[in-house]
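The values are calculated or read from the model by the stated rules, or taken from the named source; none is laboratory data. In this text the structure is predicted, and so the values were computed from the model without any measurement. Cβ placement follows ideal geometry from the backbone for every residue including glycine, while neighbour counts extend to all protein chains displayed. Note: areas computed on protein heavy atoms with side chains; ligands, DNA, RNA excluded. Shrake-Rupley method; radii C 1.70, N 1.55, O 1.52, S 1.80 Å.
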Amino acid sequence: MPPNPLFLMTTRKKIIAGNWKMNKTSAEGVTLAQDVVAAVGKQSDVEVIVCPPFTAIEAVGKALEGSNVKLGAQNMHHEASGAFTGEVSAPMLRAIFATHVILGHSERRTYFGETDASVNKKLLAALKNQLKPIFCIGETLAEREAGSTLKVVQTQVEKGLEGVSKEQAPTVVVAYEPVWAIGTGKVATTEQAQEVHAFIRGLLVKLFGDAAAQKVRILYGGSMKPSNAPELLAQKDIDGGLIGGAALEARSFVELVTAAAAVK
Ligand code: PEP
């Protein structure tokens with residue numbers, strides 16, 4: 001019998017990840033985490049991740065215990081330990097049961113001098129320590145207007161993922177975040193987003209082969225909220241969202257999880 005093509009299709013579980021940025025004290029973070037857990041902590045249709053600031057991460061981790069909500073960090077250093085004042089490492093994050101780490105967020109690239117090369121070092125260190133990177137890429141408004149979106153994204157993907165093996169690739173989560181859409185209320189149209197997501201998928205196929213590339217979750221980030229999420233999440237190559245502003249309140253964050261669960 002010829003193989004049934006339906007069995008060959010990869011179904012990618014959607015991810016809704018909250019990037020709290022520099023918001024929430026430890027106590028505020030615990031309250032938010034408790035509210036998220038109460039609403040969606042038991043469901044398993046969508047992978048839910050919260051990424052608090054470092055001062056709240058351990059307490060939030062405790063609030064997530066026993067639930068399906070996962071814990072992520074917003075950054076890390078590529079070395080395991082040493083004289084790097086103000087930094088934290090992958091083994092430190094693993095020790096408090098973080099499973100994910102956001103790397104290369106555009107705010108880190110813009111305000112803290114991160115480059116494709118430094119993001120790549122962090123990404124390899126995360127993978128070595130069994131932390132799943134949420135690897136952020138995306139073009140600025142000037143780059144989009146100059147027609148270089150795909151070229152910019154290609155360079156970020158190729159340089160950021162240098163040295164990643166075919167076996168490791170499916171554990172990487174890519175977040176396409178057009179810089180002009182982050183925190184601005186300007187969301188990419190579904191066509192703009194799907195075009196870039198499909199392009200990224202194609203790059204992943206070239207780098208890692210079709211089987212591995214089909215398993216990689218590619219998230220959209222940039223002013224995603226309950227009103228615009230259903231249309232974005234219904235796109236073929238949009239496998240979830242990295243959420244900033246709308247992740248700071250349980251209600252909107254939970255609505256995004258519900259929207260992701262509703263996509264068939
Ligand atoms: C982000 O910072 O990753 C982000 C997508 O922010 P916002 O949802 O606020 O645009």
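State whether one or more residues within region 182-197 are more than 16 Å from the ligand (Cβ to nearest atom), open to solvent by less than 10 Å² (accessible area, probe 1.4 Å) and modelled with pLDDT of 95 or more. No, region 182-197 contains no residue that is more than 16 Å from the ligand (Cβ to nearest atom), open to solvent by less than 10 Å² (accessible area, probe 1.4 Å) and modelled with pLDDT of 95 or more.
Taken over region 155-181, the criterion of being open to solvent by 10 Å² or more (accessible area, probe 1.4 Å) and of a type in the set (Val, Ile, Thr) is satisfied by 155, 164, 171, 179. Of everything in region 56-87 that is assigned to a loop (DSSP other than H, G, I, E, B) and within 12 Å of residue 98 (Cα to Cα), the residue that is farthest from the chain's Cα centre (by Cα) is 65. Each residue in region 248-264 was checked for being among the β-branched types (Val, Ile, Thr) and within 11 Å of the ligand (Cβ to nearest atom), and 0 pass.
Within region 104-129, the set of residues being within 14 Å of the ligand (Cβ to nearest atom) and assigned to a helix (DSSP H, G or I) comprises 106, 107, 108, 109, 110, 111. As for region 48-63, it holds no residue that is buried (at least 18 other Cβ atoms within 10 Å of the Cβ) and polar (S, T, N, Q). Give the residue, chosen from 245, 222, that is within 16 Å of residue 138 (Cα to Cα) and either more than 16 Å from the ligand (Cβ to nearest atom) or in contact (Cβ under 8 Å) with a residue 40 or more places away in the chain (or both). Step by step, each of 245, 222 is checked, and only 222 is within 16 Å of residue 138 (Cα to Cα) and either more than 16 Å from the ligand (Cβ to nearest atom) or in contact (Cβ under 8 Å) with a residue 40 or more places away in the chain (or both). One residue stands out among those in region 225-242 that are open to solvent by less than 10 Å² (accessible area, probe 1.4 Å) and near the ligand (Cβ under 10 Å from one of its atoms): the one that is farthest from residue 190 (Cα to Cα), which is 242.
Of the residues examined, residue 129 is one that is polar (S, T, N, Q), on the phi < 0 side of the Ramachandran plot and in contact with a Pro (Cβ under 8 Å, 6 or more places away or on another chain).
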